[in-house]
Structures are given as C-alpha cells and as structure tokens.
Amino acid sequence: MAHKWHFFRAGGVDQVSLKTGADILALPELDQKLWVALAMPTRDIDIDPATLDILDPDKDGRIRAADIVETTKWIGATWKDADDLLDGGDSVPLAGIKDPAILAAAKRILADLGKRDATSISIGQVADVVKAFTGTVLNGDGIIIAASAGDDADVKLTIEQAIDAVGSVADRSGKPGLDQAKVDAFFADVDKLAAWAKGGSKPLGDDTAAAADALAAVKAKIDDYFARCQLTAYDSRAAAGVNGQEAEFVALGAKALTSGSDEIAKLPLSRIEAGRALPLRGAVNPAWAGALATFADKAVKPVLGVRDNLTLDDYHKVVDKLAAVLAWRGDKPASPVAKLDDARITALATGPQRTKLADLIAADKALEGEYAAISSVDKMVRLQRDFGRILRNFVNFSDFYSKRDGAFQAGTLYLDARAFHLSIPVLDAGKHGAMAGMSAAYLAYCDLKRAGATKTVAVALTNGDADNVFVGRNGIFYDRKGEHWDATISKIVSNPISIREAFWSPYKKLVRAVEDQVGKRAAEAEAKSHAKVEAAGVAVATVDKTKDAPPEKKKGLDLSIVALLSVAVGAVMGAIAAMVGGIAKLGIWAPVGIIGLLLIISGPSMLLAWMKLRQRNLGPILDANGWAVNTKARVNVALGTAMTDLAVLPPGSTRTLEDPFADKQRPWKLYITLAIIAILGLSWWQGRLDGLLPVDAIKSTKVMGCSSPKWKRDFGSADTCKACATKVSSGAAPSMDVCLLNMKKGIEAPAAKPAETPAATPAAPPAN
C-alpha cells in the first residue's frame, strides 16, 4: 500500500491510528481484517441517529464496512482538506467545500436564511431548511399526500380513496401518501370493476338490482325450506325433526327474545309440511319476515305478480329469471375498490383524476434535485461533526480505550456504593443472554423504568466484589443525556471480577457454608423445640385420657453421637495442630509457610480468576446487539478498574471515627500478638532460633542441656546423651556444661549392647 499506517496497541490488539485526513481517505486501502468492527446498528448508539441514517443507504438499520468506505470516497470529492473532519464541530467553512454543486446549495441556503455574508454553514441552519422543505406538499420524493391536491376537492378525495383501497407510502414529512406504483394499482382495480359493470344484464330493467339483492338475501333460507318439505314428503317421520326439536323451543322460553334473535333466525322460515308452499307473509319466522316481504315485493312481484305464497315451481321461475344476474355478480372482481359505488367507479375510470395524480407526482419528483442538493449540505455538516467519532468506534475503539466512553456505552449505573460505566443497551434479551457468557465478564442485567418507558441494559462489574449484588437489587441509572432511570437487577451472569475477590473467595464460601449449616441446625432445633412444646400442651389437655397409659420410655443421650462428635472435633483440632506444628518447624521461614498455606487455599481460585480475566472480552456483548466485532476487544484488569468507580471520600474531607452503634470489636491485635509469641516460644523450645540468638546463655541448648530437642537431634537419641552416655529421662539430665566437659575428656557413649533379658540387672550409669 502507498499509505503508511500507524498502529497502537489497546485491548491486546493492534489498532489503526487515524490522526490525519490522509488516514481517513486511505481507509479503502486498509485490509478490513485490521478493522476492529465490520458492522454496527444505527440505534442505541451515542451518535445522532440522523447521521447514522445517512450512512445506511439501504435503510436496514445497520452500517457496514462498505458503507464507511463509500463515505470516505464521498468525503474525498467534497472536502478540500479532509483534516478538517478531525477537528469536529457542527459547522463547515464555505472555503473548505470542494464540490461546486454543494457549495452553491450551501450559499443558496444561507441566502434564503438572510445570511448571504456568512462564511460557514452549520447543522442548525441546514436542519431548519430541511425541515421546512420536507414539510411542503411537494418535496422531491415523488410521493403526493392529500394536501398536495390544493383546492381540488375531487383530486383530494381520490387520493384519500386510493390510500384507503391500496395502502400508502410515507412521505418525507412522515404523512401517508401515494407514489406512482400505488396510483397505478388503484386505477387498475378501477378499470377492472368498470369493465365488469358493463357486462351485466338487466332482465327486469331498472328493478333488476333491487330484485337480485332481495333474492340473494333469502335464497339460502328458501332453499333450506323447500329441501325440508321435500324430505318430509319422502318420509313423514322426518317432520318432527325438520321443524325443530321441542327442547329448542323450551330453551327459547327461558330467554328474553326479540324478533331478530339468532336463536329464532336459525329455525325454518315456516312450518314444514310435505308439498306446502312458502308463505311470504303471515305465519313466517319473525326473524325473516321483513326479508321475505322485500323479496315478495322486489323479486316475486316483477316476475310472477303479487303473491302471498310461493310454490317450489314459482320459486324456480324467479331464480331462473335472475340467474344470469346472480352469476354476473359472483364474477365481480375482489378488490377494496369495490367498496365504492358503481357511479364513482365509472367516474374514476373515465374522468381526469388519473391524469391529475400523475401530474402531481411528476411535479413533486421535479424537485428531487433541489432536495438532493440540500441533503448533500446536510450530510456534509453532519459528517463534519460525527464522522470522526464514528471511525473511533468502528475502525478502532480508541474512544473506549482512551476512557472517553465508547459510543456503544449506555450510561452509568449507581449501585452498591459503586458507579459502573461499562453498560450496554440490550436490544434482544434472549440473544444477548445466550452470548453474554462468552464475554467472561460479570454482567448484571437491569430493567430500567422512567415515566412509563422501559428498557434493559447489561452492566459489567469490573471492580470490587459481588457479595451484595443479587437479583432484585435496586439502583439508579443515568443515561448519556443525564436522565435518571429506576434500575432493578433481573439477571446475573457470574464470572470473576478481580484477583483480590478470588483470593478471599474460598474463605467467604467457608463462612457461608458454616452459616448455612448453623442456620439449618438452628432451624431444626427450633422445629424440634416447637414440636415438644406442642406435645406437652397436648399431653396436659388430654391428661385424663392418658393417665392409664404406660409411661413412655425416656430416651437417653445417644453415646454414638457423642463419640462421633468427639472424633470429628479431635480430627479438626489435630489438623489445626499439625498445620501449626509444621509452620513452627520452619523457624525463620514460618512466614513463608503461612504464605504458602494461604496460596494453597486461595491459589486455585486466583488462578481461575486470572485466566478468566485474561479472557474478558467486549466483543460478544456487542455482537449480541447486532455489531460485528472483528477482533477480541479485551477488558483487562487496569481498564476494568477504570470502568467501575469505588466509593471514596472527597479530598479534604474529615470524618469522626466514633460510631455509637458500632459492633463490639474483638481484640484481634492481642490475639495476633499472643499467637506470634506462642509460635516464637515453640520455635525457641525446639532450638530453631539458637542460630539467630546473639547470646549463648539464652539458647535452648544452654538452658535445657541435653534434654533440649535440638541437643537430642544433634547429639543423642530420644533417651541417651551421646556426649556423656547418661540416660536422659525424668528430669535427670546433666547440665550442658558437664556434657561438654565430658566430651573434651574423650568420654564417648558406650557401644550398643545386645538386648537384655527381663531378669538381667541393668548396668549402673557412670558417675558424672
């Protein structure tokens, strides 16, 4: 590559440095394997959504590396000096604009605002113009709204009817409107319905439509009536069933009925008899009386004349007369446009509305170039302000690793006397929870509420401990705008927080286990005590019934339990004594032994925490939100410490240490002092301090003579002094001076003798 890049190390990854405009313009040349991220969402990011939408050409809610590359190419054609981008700010100097069309558009905007002499253009100025232009009825997007019709009421009505029939598309102003595709779909349905309307016959002239409507309203019910009559003619036994069961009428008697009740409407039109004509008036089902009367007047009368009853043959004549009309109606195109009456459909098919809508759309589209020019100026000033920050949170994560807060951070949670800065918005709780464990970070999911609004964030605990952090704990969350939310922990993903926490973890677990066992035993004892009290109460209340009962044998103390407890206590005390004795034998190295013992206990937890903390990774947390993090973005101990602030008193503060309600303190210093004295005394008695003492008179071998453990180790067995062959037992040991004098005289210990029989007389010890 022609461009010379500079990289910096952060999060365990080499990240490209973007310090000059040349670095920005050369991004298309940079291997994307070296980018920290390859995609990011356009929402829940601490960058103006309007700017992010500009970088999202396909409007799918995501910005990809290719979108950044295309933007850098546009920047190269628009700015005279790309270094200006790194300065930020919300305005662009006119002298720095390279593209003549954008420069002209910027000057026209300023002129329209009455600022012809301005030397720069700002986001606020462009935003006002964009808002005003977008709010007009013709704004260059090729979409017309009802207001686009102006004073033409018929065109306005047509737009509203088309939107109701085929739906709408959003205008730049956000209002529902029509584009050319929607207009074409609407009038295509209008043409189909108009063509269908021309194909209908009118056997009854102008009365045909009313007759067909009247027949259609009762045809299914009349067919049902004559079918029941035919069934009864076939077999008279069917009469009882087809007229309705008696139980149905009994059920109706228990209800408050009206003539139009559904229960009545389900019954036949009239009483069923074999060969009986259908009465059109009189003894008919009251739910259908009105429809039958209309049918008689509108359909039967024009075909057969006035009739009060209708035979099956007469019914067929009416149906045959209107059959073509019914078939034609069945072929009517299914379309929402069919809700319009025939006259309106005909007017739309033959009138000028189609042309007027097309002309409005063309007029709107003619302003597309003007809007594009304004949009280019808007894009330029927004990139001037935001593009550098986007790059610092996409190509590299320098904002995050320089502790300036990454754009993906949602705010700060205050809880448990700490402030947690590493908080990430959660868009999909299920997906986020599935990936969160891969981050190796301790995460607390918090539900936030404010003025009826709710959202969720995942907060990383990176300093302190988790002793007082649990589901249901409440805190306060401040978002990036400074607004406060009520926060409640709803879920926890547990991982090590620090090596310090891991060191104390085994001891805390031991304390919790002891507390749990003590609590469990206390609860059991309390339950037994309550049971005994209840039993005593029952015994007192029923003493007259139980006085003749044989006395219950009292249970004595179970000696096996006592023995078991004694063995357990002895084992524990023996283990403690063995550890203390082992440490005491180390002499001057006793502190090293204590440290080693602590490492044996805490070492595994610390090692596991060290390994986990090395794996702590921001990538999975962001990937769960739609990012495509391209590398392992580590959150090491130092950075984690900075991401969580512990409570400290302000500089210069004073405090009173006396607490009237403090728990009584144990004299730990005295206990520790006594323990040290005991260890030193034991070490002196064993002679392990003799080499360190400057005065011979206070050495253990000088004070205790050959009964000293050290003298026994060096010059004798457990019973005999090698120096003077004297039995050392029962306090009969000679002084060390005598032993040393005998050694100088050449007296040596006697040779080993064969084992004596019990009857043999032991040899007398030599005189000192």
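Overview of results
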item	result
Residue in the range 204-214 that is assigned by TED's automatic domain parsing to the domain that holds Lys301, over 30 Å from Leu360 (Cβ atoms), touching a strand residue (DSSP E or B) at 6+ places or on another chain (Cβ under 8 Å) and of a type in the set (A, V, I, L, M) present	no
Residues satisfying the stated conditions in the range 437-469, i.e. more than 9 Å from the chain's Cα centre (by Cα), outside any loop (DSSP other than H, G, I, E, B) and either hydrophobic (A, V, I, L, M, F, W, C) or under 23 Å from Lys403 (Cβ atoms) (or both)	Met438, Ser439, Tyr442, Leu443, Ala444, Leu448, Ala453, Val459, Ala460, Leu461
Within the range 384-403, considering residues that are among the small types (Gly, Ala, Ser) and either part of a helix (DSSP H, G or I) or buried (at least 21 other Cβ atoms within 10 Å of the Cβ) (or both), the one farthest from the chain's Cα centre (by Cα)	Gly388
Checking His3 against (1) more than 28 Å from Thr119 (Cα to Cα); (2) surrounded by 18 or more Cβ atoms within 10 Å (Cβ to Cβ); (3) more than 38 Å from the chain's Cα centre (by Cα), the condition it does not meet	(2)
From the options Val300, Val306, Val250, residue that is among the aliphatic types (A, V, I, L, M), surrounded by 16 or more Cβ atoms within 10 Å (Cβ to Cβ) and in the same structural domain as Val319 (by TED's automatic domain parsing)	Val300
Hey, Ile272 of a type in the set (A, V, I, L, M), in contact (Cβ under 8 Å) with a residue 12 or more places away in the chain, more than 22 Å from Lys298 (Cα to Cα) and in a helix (DSSP H, G or I) or not	no
Count of residues meeting criterion [hydroxyl-bearing (Ser, Thr, Tyr) and either touching a Gly at 6+ places or on another chain (Cβ under 6 Å) or under 26 Å from Lys702 (Cβ atoms) (or both)] in the range 664-686	1
Qualifying residue in the range 218-241 (condition: over 27 Å from Ala299 (Cα atoms), in contact (Cβ under 8 Å) with a residue 24 or more places away in the chain and among the aliphatic types (A, V, I, L, M))	yes
Selected residue (only one of Leu348, Leu312 is outside the structural domain of Val284 (by TED's automatic domain parsing), in contact with a Leu (Cβ under 9 Å, 6 or more places away or on another chain) and at pLDDT 90 or above)	Leu348
Among the residues listed as Val306, Val325, the single one being more than 57 Å from the chain's Cα centre (by Cα), at pLDDT 90 or above and not aromatic (Phe, Trp, Tyr)	Val306
Matching residues in the range 18-37 - criterion: being out of contact with any helix residue (DSSP H, G or I) (no Cβ under 7 Å at 6 or more places or on another chain), surrounded by 14 or more Cβ atoms within 10 Å (Cβ to Cβ) and over 14 Å from Asp81 (Cβ atoms)	Ala26, Leu30, Leu34, Val36, Ala37
Helices (runs of 4 or more DSSP H) contained in the range 41-160 and holding at least 1 residues surrounded by 15 or more Cβ atoms within 10 Å (Cβ to Cβ), on the phi > 0 side of the Ramachandran plot and of a type outside the set (Gly, Ala, Ser)	none
Pick from the range 639-669, criterion among the β-branched types (Val, Ile, Thr) and within 30 Å of Ala441 (Cα to Cα), ranking: modelled with the lowest pLDDT	Thr641
Residue identified as surrounded by 18 or more Cβ atoms within 10 Å (Cβ to Cβ), within 60 Å of the chain's Cα centre (by Cα) and part of a helix (DSSP H, G or I) among Leu215, Leu193	Leu193
Check on Val381, touching a helix residue (DSSP H, G or I) at 6+ places or on another chain (Cβ under 9 Å), modelled with pLDDT under 90, in a helix (DSSP H, G or I) and of a type in the set (Val, Ile, Thr)	no
Test result for Val318, assigned to a loop (DSSP other than H, G, I, E, B) and either surrounded by 14 or more Cβ atoms within 10 Å (Cβ to Cβ) or of a type outside the set (Phe, Trp, Tyr) (or both)	no
Sole exception among (1) at pLDDT 85 or above; (2) in contact with a helix residue (DSSP H, G or I) (Cβ under 9 Å, 6 or more places away or on another chain); (3) farther than 17 Å from Tyr315 by Cβ; (4) exposed (fewer than 13 other Cβ atoms within 10 Å of the Cβ) for Ser259, by number	(1)
Subset of the range 352-362 that is among the hydrophobic types (A, V, I, L, M, F, W, C) and in contact (Cβ under 8 Å) with a residue 12 or more places away in the chain - its residue that is surrounded by the fewest Cβ atoms within 10 Å (Cβ to Cβ)	Ala358
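For every residue, the table says whether it meets (1) surrounded by 13 or more Cβ atoms within 10 Å (Cβ to Cβ); (2) more than 26 Å from Pro203 (Cα to Cα).
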| residue | (1), (2) |
| --- | --- |
| Ala324 | yes, no |
| Ala334 | no, no |
| Asp341 | no, no |
| Arg344 | yes, no |
| Asp364 | yes, yes |
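Table: residues versus (1) in contact with a helix residue (DSSP H, G or I) (Cβ under 8 Å, 6 or more places away or on another chain); (2) free of Cβ contacts under 8 Å to residues at least 12 places away in the same chain; (3) β-branched (Val, Ile, Thr); (4) under 19 Å from Ser494 (Cβ atoms).
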{"residue": "Tyr414", "(1), (2), (3), (4)": "no, no, no, no"}
{"residue": "Ala417", "(1), (2), (3), (4)": "no, no, no, no"}
{"residue": "Phe420", "(1), (2), (3), (4)": "yes, no, no, yes"}
{"residue": "Ile424", "(1), (2), (3), (4)": "yes, no, yes, yes"}
{"residue": "Ala429", "(1), (2), (3), (4)": "no, no, no, yes"}
{"residue": "Ala436", "(1), (2), (3), (4)": "yes, no, no, yes"}
{"residue": "Ala444", "(1), (2), (3), (4)": "no, no, no, yes"}
{"residue": "Arg450", "(1), (2), (3), (4)": "no, no, no, no"}
{"residue": "Val457", "(1), (2), (3), (4)": "no, no, yes, yes"}
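The values are calculated or read from the model by the stated rules, or taken from the named source; none is laboratory data. Bear in mind that the values here come from a model prediction, so they are computed numbers and not experimental data. Because the Cβ atoms are built from the backbone with ideal geometry, glycine has one as well, and the counts that use them run over all protein chains shown.
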